[in-house]
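Working notes for the structure below.
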Amino acid sequence: MNILFVEDDAMNRRVVRDMLTVAGANMDEAPDAETGLRMIDERDYDIVLMDLRMPGMDGLTAIRHLRARTDAKANVPVIVVTADTAIDICQNCVDQGADEVILKPVAMSKLFDAIGRLIARGNQSIMLA
């Protein structure tokens, strides 16, 4: 499984990379949304993990850009990873095109549960090793 994590905090990226490595997944990292969108142009990903609050373009804007594509990459599953605990944040993320939302600090069980829900919904191309 190829996963892209778009997150400005290097420590958060490292923690999630360690979790995904346990499952045999490959993770690329983008330190900001603009870089993440360019990486999606260049490579196919099974899942994109997207932080919301980053310098420059925020995660919700990046998700809207991704969903506006006219190719198959517009449908790549997106899991928002956020520290934002606003009461309506999950619904807002889904309304903007996210498939799942998990809160920081990321727990391995919550990350894998979110991936499992994507698989159960019919994203058959997503498989953990």
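The values are calculated or read from the model by the stated rules, or taken from the named source; none is laboratory data. Please read these numbers as outputs of a predicted model, since none were measured by experiment. In this analysis, Cβ positions are derived from the backbone assuming ideal geometry, glycine residues included, and neighbour counts consider all displayed protein chains.
Of the residues in segment 60-76, at least one is at pLDDT 95 or above, over 26 Å from Ala120 (Cα atoms) and not basic (Lys, Arg). Meeting the requirement of 3 or more residues that are more than 12 Å from the chain's Cα centre (by Cα) and among the charged types (D, E, K, R), the helices (runs of 4 or more DSSP H) wholly within segment 1-77 are 10-22, 33-42. Of all positions in segment 65-83, at least one carries a residue that is closer than 25 Å to Ala10 by Cβ, out of contact with any helix residue (DSSP H, G or I) (no Cβ under 8 Å at 6 or more places or on another chain) and of a type in the set (A, V, I, L, M). Of the residues screened, Val78 is one that is of a type in the set (A, V, I, L, M) and either out of contact with any strand residue (DSSP E or B) (no Cβ under 9 Å at 6 or more places or on another chain) or surrounded by 16 or more Cβ atoms within 10 Å (Cβ to Cβ) (or both).
Look at (1) surrounded by 22 or more Cβ atoms within 10 Å (Cβ to Cβ); (2) among the charged types (D, E, K, R); (3) at pLDDT below 95 and you find that Asp51 fails only one, number (3).
Can you tell me which residue in segment 81-95 is nearest to Val6 (Cα to Cα), limited to those that are of a type outside the set (S, T, N, Q) and assigned to a loop (DSSP other than H, G, I, E, B)?
Pass one, segment 81-95, residues of a type outside the set (S, T, N, Q): 81, 83-84, 86-90, 93-95.
Subset that is assigned to a loop (DSSP other than H, G, I, E, B): 83-84, 86-88.
Values: Ala83: 14, Asp84: 16, Ala86: 21, Ile87: 23, Asp88: 22 Å.
Filtering first and then ranking leaves Ala83.
Of all residue pairs spaced 6 or more apart or on separate chains, those with beta-carbon atoms under 6 Å, a first member in segment 92-116 that is touching a residue at least 24 places away in the same chain (Cβ under 8 Å) and under 21 Å from Val15 (Cβ atoms) and a second member that is of a type in the set (A, V, I, L, M) and assigned to a loop (DSSP other than H, G, I, E, B) are Lys104/Ala83. Kindly indicate whether Asp99 is surrounded by 17 or more Cβ atoms within 10 Å (Cβ to Cβ), touching a Lys or Arg at 6+ places or on another chain (Cβ under 9 Å) and closer than 17 Å to Met1 by Cβ. Spelling it out, Asp99 is indeed surrounded by 17 or more Cβ atoms within 10 Å (Cβ to Cβ), touching a Lys or Arg at 6+ places or on another chain (Cβ under 9 Å) and closer than 17 Å to Met1 by Cβ. Taking the criterion of being under 19 Å from Arg117 (Cβ atoms) and touching a helix residue (DSSP H, G or I) at 6+ places or on another chain (Cβ under 6 Å), the residues of segment 5-26 that qualify are Phe5, Met19.
Test Arg43 against the stated conditions and say whether it is touching a residue at least 24 places away in the same chain (Cβ under 8 Å), touching a Gly at 6+ places or on another chain (Cβ under 7 Å) and surrounded by fewer than 20 Cβ atoms within 10 Å (Cβ to Cβ). Against the criterion (touching a residue at least 24 places away in the same chain (Cβ under 8 Å), touching a Gly at 6+ places or on another chain (Cβ under 7 Å) and surrounded by fewer than 20 Cβ atoms within 10 Å (Cβ to Cβ)), Arg43 does not qualify.
When Ala98 is tested against (1) modelled with pLDDT of 95 or more; (2) more than 20 Å from Arg121 (Cβ to Cβ); (3) in contact with a strand residue (DSSP E or B) (Cβ under 9 Å, 6 or more places away or on another chain); (4) among the small types (Gly, Ala, Ser), just one condition goes unmet, and that condition is (2).
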